[in-house]
Structures are given as structure tokens and as C-alpha cells.
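All of the numbers you see were taken from the coordinates with simple rules; none came from a lab. Predicted model only: the values in this text are computed from it and were never measured. Positions of Cβ are backbone-derived with ideal geometry, glycine not excepted, and every protein chain shown enters the neighbour counts.
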Amino acid sequence: MTINSSPLTEAESASTDRSVSEAPIDAGTVIAALDLLAHWWSRPVAEEVSMWLDAVGVEADIRRRISGDAEDGAARLSFGLGEVLVLLDEHERLFIGPGHVPCPPYESFWREDVPVDLRRSLMGPCTADLRRLYGELEIEGTPETGELPDHIAVELEALAYALSFEETYPVARALFFDHVKQWLPGLCRAVAHEAEQAFYRDLGVVTLEWLGYIQRYFETATEVEPESR
């Protein structure tokens with residue numbers, strides 16, 4: 001995606017000096033969480049995994065803030081650079097193939113509110129609406145990524161970007177409630193069940209947990225809230 005979002009290591013800006021047990025879920029924390037999730041769901045090449053390692057402290061900080069538990073400081077997802085090939089193999093088995101793909105990371109595959117003949121297929125009706133929303137954000141897919149508009153990492157990255165500006169907050173709400181919320185829980189449960197590597201099992205669980213906090217943010221935030229960041 002052609003998005004000039006903040007690097008993963010800059011997600012630490014979501015932190016404040018206040019007690020995390022008293023801090024509400026704010027837009028900055030949600031943006032950092034979405035950015036981190038988008039990276040975790042991306043293809044785990046060496047450069048990407050290196051960024052994950054740099055963000056271990058960010059993960060713990062985000063979890064403390066969204067849970068309100070000041071003592072909850074241990075990283076949930078564990079991995080190392082030496083596991084890149086193992087993670088790549090698992091990523092391809094779960095999401096790409098060849099052969100049977102148990103967890104396609106695309107919204108179109110998981111949507112149930114479409115005609116029967118369109119279920120479990122790619123490039124379904126949701127992609128047209130996603131392209132419209134991405135157009136409102138003035139972003140588009142790039143040849144370098146090669147990802148479809150409804151890939152999980154693309155949607156999460158676009159949602160984080162939409163939340164970064166007051167004027168695109170309505171687009172962020174549409175992306176979350178009309179898209180992410182409609183299908184991502186199903187993918188997370190499938191990954192937690194199908195994954196053979198602990199990283200991806202934990203990623204399914206953590207993403208599902210964080211989605212609950214992100215939904216709570218949208219349900220309690222006002223449309224002018226992003227201006228206060």
C-alpha cells in the first residue's frame with residue numbers, strides 16, 4: 001500500500017506518563033496496535049521479523065494500555081531471527097500453498113453474507129467497497145506487495161492510516177464495522193486451530209483479543225476524538 005505510516009518502532013508514541021491502569025483506550029494506542037498487527041500478519045521475511053524483534057517492547061506496552069493491567073508486561077508472541085525459515089514455511093502452509101490452504105487471509109473467503117456460489121472465493125463483492133474506501137483515503141495497492149485489497153495486512157494498515165486523520169475517521173469506522181469486524185474473528189479462530197507453530201497460534205488469539213479492545217474504542221469514541229491526539 002502506498003501509505004506513509006509511521007515505522008513500527010515509532011509506535012512507542014502511544015505511551016504516556018500516566019498510570020496505564022487509569023488510561024483509556026485512545027486513538028494513538030489503537031493505531032499502534034493495528035500497525036503492529038499488520039506487520040505480524042505480513043510475510044515473515046528476515047527484514048520483517050527483525051522489525052518484529054525491535055517492537056517487542058511496543059507489544060508489551062500496547063497490551064498494558066489496552067488491558068489496563070500495569071503488571072502485564074511480558075511479550076505474548078515469541079520468535080527469533082533463527083526461526084525465519086520455519087515461520088516462512090508455516091506462513092505459506094497456512095495462507096498461500098501450494099496444496100490445501102486452511103486459512104486464506106482474505107475477507108472475500110470468509111464472508112458469509114454473499115450468495116452461496118460466491119462463498120469461499122477470492123475477489124468477492126467486498127473488494128469493490130474496499131477499493132472505494134481506499135480511494136477516499138487516496139491510497140492504492142502497489143505492484144511490490146502484490147496483495148489483494150482484502151488481504152488482512154492491507155486492511156489493518158489502511159484502518160490504522162484512516163484513524164490517523166480526523167477527516168478520515170468515518171472511513172475508519174466503515175473499514176472496521178463493515179469489513180474487519182465481519183470476517184477477521186473467523187480467520188483468527190481458524191489460525192489458532194490450524195497453526196503448528198506457537199507464533200501463529202498466539203497471533204490468532206492475540207488478534208482476537210485486541211479486536212475486542214479496538215471495537216470498544218470505536219463504540220465509545222466520538223468522531224472528533226482523533227483531533228485530541
Once you keep just the Cα pairs under 8 angstrom separated by 6 or more residues, what percentage relative contact order results for the stretch 26-228? 25 percent
Which of L36, F218, G204, positive extreme of dipole for the stretch 26-228 (C-beta unit charges): G204
Enumerate the amide H contacts of G124 below 5 Å, restricted to partners 5 or more residues apart or on another chain; note that Pro and chain-start residues carry no placed amide H. S108
Modelling each spin label as a point 7 Å along the Cα-to-Cβ direction, I'd like the E138/L81 distance in nm, to one decimal. 3.8 nm
Whole-Hz couplings from phi, Karplus 6.51/-1.76/1.60, listed for the stretch 43-59; x for Gly and Pro: 5, x, 6, 4, 5, 5, 5, 4, 5, 4, 4, 5, 9, 4, x, 5, 4
Final fewest-first order of S108, S67 on the 10 Å Cβ neighbour count is S67, S108
Note on the stretch 26-228: alpha-carbon gyration tensor, axes a ≥ b ≥ c; rule is a/c under 1.5 for rounded, else prolate if a/b larger than b/c, else oblate; result oblate
For W40, W110, what's the fewest-to-most ordering of other Cβ within 10 Å of each Cβ? W110, W40
Hey, rough spin-label estimate for F177 and M51, points 7 angstrom out along Cα→Cβ, what's it come to in nanometres? 3.0 nm
Go through the stretch 177-182 residue by residue and turn each phi into a ³J(HN,Hα) via Karplus (6.51, -1.76, 1.60, θ = phi - 60°); whole Hz please, and just put x for glycine and proline. 6, 8, 10, 3, 5, 6
DSSP loop chymotrypsin sites (Phe, Trp or Tyr not before Pro) in the stretch 122-219 with at most 16 other Cβ atoms within 10 Å of their Cβ, which ones? F165
